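Sharing a structure here in structure tokens format.
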Amino acid sequence: MDMTALQRLSEAADESGDDEAPVHRFRTVFISDIHLGTRACQAERLLDFLKKTDCETLFLVGDIVDGWRLRRSWHWPQAHNDVVQKLLRKGRKGTKIHYIPGNHDEFARAFLGHEFGIVSVADDMVHETADGRRLLVIHGDQFDIVVRRAKWLAHLGDWAYVTLLNLNTFVNALRRRLGLGYWSLSAYLKHKTKKAVDFIGRFEETLIAEARRRGLDGVVCGHIHTAETKMLDGLVYCNDGDWVESCTALVEHGDGRLELIRWTDPARAALDTGDAAEIAAESRVAA
């Protein structure tokens with residue numbers, strides 16, 4: 001998707017009607033790894049989340065559009081258009097939108113440092129929370145050695161991952177027929193595989209080391225599709241997850257507390273069980 005197309009969608013969003021009042025209001029929302037342009041993208045759930053939430057600042061933390069997949073085959077249903085238009089409409093209504101590209105939407109890195117009306121594009125940013133913590137916001141692929149040094153292997157891994165997600169779709173169709181809720185097979189297998197767990201651990205430690213090197217209080221990232229909020233080596237580590245498996249977003253409340261929201265059950269808008277207040281308190285002590 002080029003920036004001319006983005007402008008056309010912005011104009012369409014400005015003209016479309018959307019009178020549904022948001023239910024949840026936050027200071028900041030971080031979402032990543034939407035993968036628009038893929039069959040695995042859960043655009044309907046994301047659209048429901050966007051309709052029922054509002055925020056002052058919205059960070060799009062990479063892999064918003066899946067350029068890898070779109071180059072192989074075109075898949076862009078109306079729901080994907082609706083997500084883009086809803087995001088742009090939020091910007092028209094006053095939400096500050098920062099777009100930080102990832103490896104799947106690396107085409108947008110050609111526009112780093114530019115502002116396109118309501119959207120600014122940057123490789124990374126520093127966000128200051130309401131309680132004064134300074135957090136590095138970055139997609140995270142820059143610290144993935146496979147993406148950096150063996151891109152062919154990253155594409156092969158992407159193919160295997162998409163195959164698993166397709167199987168995940170079949171499993172959840174069967175679960176719906178049985179009256180069961182959403183469950184991510186791919187996420188389950190990832191957490192049960194030792195190599196995947198080891199990779200996630202190294203990724204988290206590397207991002208925290210980068211935040212420390214820059215003299216910051218923590219990091220907000222995406223990339224690995226593993227939502228998490230925790231203290232790590234005295235700093236805040238937050239991964240906002242994804243919208244193909246976990247359907248999660250990281251939110252900042254008005255007092256600076258950070259919390260994960262899981263939208264796999266939109267009717268309940270269930271909050272993650274992690275104690276956001278404890279995370280905030282510990283990070284202030286660490287600082």
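The values are calculated or read from the model by the stated rules, or taken from the named source; none is laboratory data. Keep in mind that this is a model prediction, so the values were computed, not measured. Every residue, glycine among them, receives a Cβ derived from its backbone with ideal geometry; neighbour counts consider all protein chains shown.
Within the range 235-250, take every residue that is assigned to a loop (DSSP other than H, G, I, E, B) and in contact with a strand residue (DSSP E or B) (Cβ under 9 Å, 6 or more places away or on another chain) and give me the one that is modelled with the lowest pLDDT.
If we filter the range 235-250 for residues that are assigned to a loop (DSSP other than H, G, I, E, B), which is where we start, we get 240-247.
Right, trim to in contact with a strand residue (DSSP E or B) (Cβ under 9 Å, 6 or more places away or on another chain) and you get 240-243, 246-247.
Details: Asp240: 97, Gly241: 95, Asp242: 95, Trp243: 96, Ser246: 88, Cys247: 94.
Of everything passing the filter in the range 235-250, Ser246 is modelled with the lowest pLDDT.
Does the range 276-287 include one or more residues that are aliphatic (A, V, I, L, M), on the phi > 0 side of the Ramachandran plot and either assigned to a loop (DSSP other than H, G, I, E, B) or at pLDDT below 95 (or both)?
So the first thing to find is which residues in the range 276-287 are aliphatic (A, V, I, L, M), and the list is 276-277, 279-281, 285-287.
Those left that are additionally on the phi > 0 side of the Ramachandran plot: none.
Checked against the condition, which is being aliphatic (A, V, I, L, M), on the phi > 0 side of the Ramachandran plot and either assigned to a loop (DSSP other than H, G, I, E, B) or at pLDDT below 95 (or both), the range 276-287 yields no hits at all.
Assuming Leu6 fulfils every condition listed in (1) touching a Leu at 6+ places or on another chain (Cβ under 9 Å); (2) in a helix (DSSP H, G or I); (3) at pLDDT 90 or above; (4) farther than 21 Å from Gly254 by Cα apart from one, which condition is it?
(3)
Let me ask something else. Within the range 37-81, work out how many residues are buried (at least 19 other Cβ atoms within 10 Å of the Cβ), more than 15 Å from the chain's Cα centre (by Cα) and among the charged types (D, E, K, R).
1
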